[in-house]
Amino acid sequence: MKILIKTCFIPCLFLSVLLLITACWSDSPPPTEEAPTRVAQIPQIDKLNTMIEGDASNPELYFKRAQVYFKNEGYDEAIQDMASAMRFDSTNIIYHHFLTDIYLQYPKSYQALLTMQRVIALHPDDVPSLQKLSHLHIVLQQHQESLNTLDRALKVDPQNASTYFLRGLTLQELDREDEAIKAYRFSTELDSDMIDAWIILGQIYQKREDPTAIQFFDNAVRVDTTNVFALHTKANYLQQIGKTEEAIQMYRKIIQYDSGYTDAYFNTGLAYLEIDSTELAYQSFNITIKTDPLNAQAYYYRGLTAELIGKLNQAKRDFEQTLTMDPSFEPAKESLTRVMGVLKEQ
């Protein structure tokens, strides 16, 4: 049985979503007294509405309301509030950064780019803004522009670990992996707590089948022993090199910190399959489905384990469910045909 370990995407600390205002924010309509109706009314909004009525020229109130709207996916309302906040205070860099994040989440990447370019025009030596613009260039696949922006940031602060980390990301996108490694390594020399750099270095060396990978994963966990992404990548590596029991212990630790972390249950099930603990594997896939009912792979693997322990009708239902969710899942088609053949013979 071929088992594919499910890896997780590691959301880098510096690649968090970027948000804030349109290029023509100064022409935005005046703030309204009432909250827009697209987002359901919540107590925080009602409270802020009242505060804004009493202090309509306070930009921080609009900023706070925009944050609440953003959290509740009210992006149009958040943009409108940020336009109002910036009408009263156009120099606040944090406002520009937040509006950029809103645009990216929307997504309106062009408006996000215009917003950050405006920030840089106003504050050409602000390193966090240059880093955020570089981030945006990476998202938009503008790799040379990202490198140019990072060069500007390094002229202002030549010892900034985050800038070197972003340089590594950009070079990696350009398939210049050896240069990327140097950039990541230098970022960790400048700041040994660069957890994302340690994780990515571990993944690069894991792909190269270089045992040095474990040292990088260990460093990531050292930085934050509760970081589920760091723990996951280390567990994934241990599972890949055959240290299945250690990987299972690592997945258990992840679940202790985040009981809803679906991939930990899923990979635990795969690990149990590798050591022929089919009953425990079945339980793990069962929990995976409870935490993530739309996980087609979990139904498929629960079906496989059900088949192995003789629960053929359950296996049939799971394979059918997998195909309902993903009709092109070929292994599920083959497994369903096999199980139905056995059931007919009984």
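The values are calculated or read from the model by the stated rules, or taken from the named source; none is laboratory data. Small disclaimer: the values here were computed from a predicted structure and weren't measured. As a convention, Cβ positions derive from the backbone with ideal geometry for all residues, glycine included, and neighbour counts pool all protein chains shown. The area values use the complete protein model at the heavy-atom level, side chains included, leaving out ligands, DNA and RNA. Shrake-Rupley method; radii C 1.70, N 1.55, O 1.52, S 1.80 Å.
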Query raised in the report: Could you say which residue among PHE70, PHE98, PHE165 is among the aromatic types (Phe, Trp, Tyr) and under 30 Å from ARG208 (Cβ atoms)?
Result: PHE165
Requested in this report: Would you be able to say whether some residue in segment 248-262 is of a type in the set (Gly, Ala, Ser) and either in contact (Cβ under 8 Å) with a residue 40 or more places away in the chain or open to solvent by less than 30 Å² (accessible area, probe 1.4 Å) (or both)?
Outcome: no
Query raised in the report: Counting only residues that are of a type in the set (Ser, Thr, Tyr), touching a residue at least 24 places away in the same chain (Cβ under 8 Å) and out of contact with any Leu (no Cβ under 6 Å at 6 or more places or on another chain), which one in segment 270-289 is most open to solvent (accessible area, probe 1.4 Å)?
Result: TYR282
Report task. Mind counting the residues in segment 314-324 that are more than 20 Å from GLU279 (Cβ to Cβ) and open to solvent by less than 60 Å² (accessible area, probe 1.4 Å)? Result -> 2
Query - Matching residues, segment 83-105, being open to solvent by 10 Å² or more (accessible area, probe 1.4 Å), in contact (Cβ under 8 Å) with a residue 60 or more places away in the chain, in a helix (DSSP H, G or I) and not basic (Lys, Arg) - result: HIS97, PHE98, ASP101, LEU104, GLN105
Query raised in the report: Looking only at residues in segment 325-346 that are more than 29 Å from the chain's Cα centre (by Cα) and among the small types (Gly, Ala, Ser), which one is nearest to ASP276 (Cα to Cα)?
Result: SER335
Report task. Considering only residues that are within 14 Å of VAL68 (Cα to Cα) and open to solvent by 90 Å² or more (accessible area, probe 1.4 Å), look in segment 38-55 and name the one that is modelled with the highest pLDDT. Result -> LYS47
Query - Cβ-Cβ under 8 Å pairs, at least 6 apart or on other chains, segment 133-160 side free of Cβ contacts under 8 Å to residues at least 24 places away in the same chain and at positive phi, far side open to solvent by 10 Å² or more (accessible area, probe 1.4 Å) and among the hydrophobic types (A, V, I, L, M, F, W, C) - result: none
Query raised in the report: What do you reckon, is LYS311 open to solvent by 70 Å² or more (accessible area, probe 1.4 Å) and of a type outside the set (Val, Ile, Thr)?
Result: yes
Query raised in the report: Does segment 68-81 include one or more residues that are at pLDDT 95 or above and in contact with a Leu (Cβ under 6 Å, 6 or more places away or on another chain)?
Result: no
Query raised in the report: Is there a residue in segment 96-116 that is among the hydroxyl-bearing types (Ser, Thr, Tyr) and more than 24 Å from VAL139 (Cβ to Cβ)?
Result: no
**Report entry** Verdict on ALA121 being open to solvent by 50 Å² or more (accessible area, probe 1.4 Å), among the aliphatic types (A, V, I, L, M) and part of a helix (DSSP H, G or I)
**Finding:** yes
Query raised in the report: Quick one: in segment 56-82, which of the residues that are open to solvent by 50 Å² or more (accessible area, probe 1.4 Å) and more than 28 Å from the chain's Cα centre (by Cα) is farthest from ALA121 (Cα to Cα)?
Result: SER57
Query - Enumeration of residues in segment 298-331 that are in a helix (DSSP H, G or I), farther than 18 Å from ALA281 by Cα and of a type in the set (A, V, I, L, M, F, W, C) - result: LEU323, MET325
**Report entry** Subset tally (residues that are under 17 Å from LEU294 (Cα atoms), surrounded by fewer than 17 Cβ atoms within 10 Å (Cβ to Cβ) and touching a helix residue (DSSP H, G or I) at 6+ places or on another chain (Cβ under 8 Å)) for segment 326-346
**Finding:** 1
Requested in this report: Kindly indicate whether any position in segment 106-113 is under 17 Å from ALA83 (Cβ atoms), in contact (Cβ under 8 Å) with a residue 40 or more places away in the chain and in a helix (DSSP H, G or I).
Outcome: yes
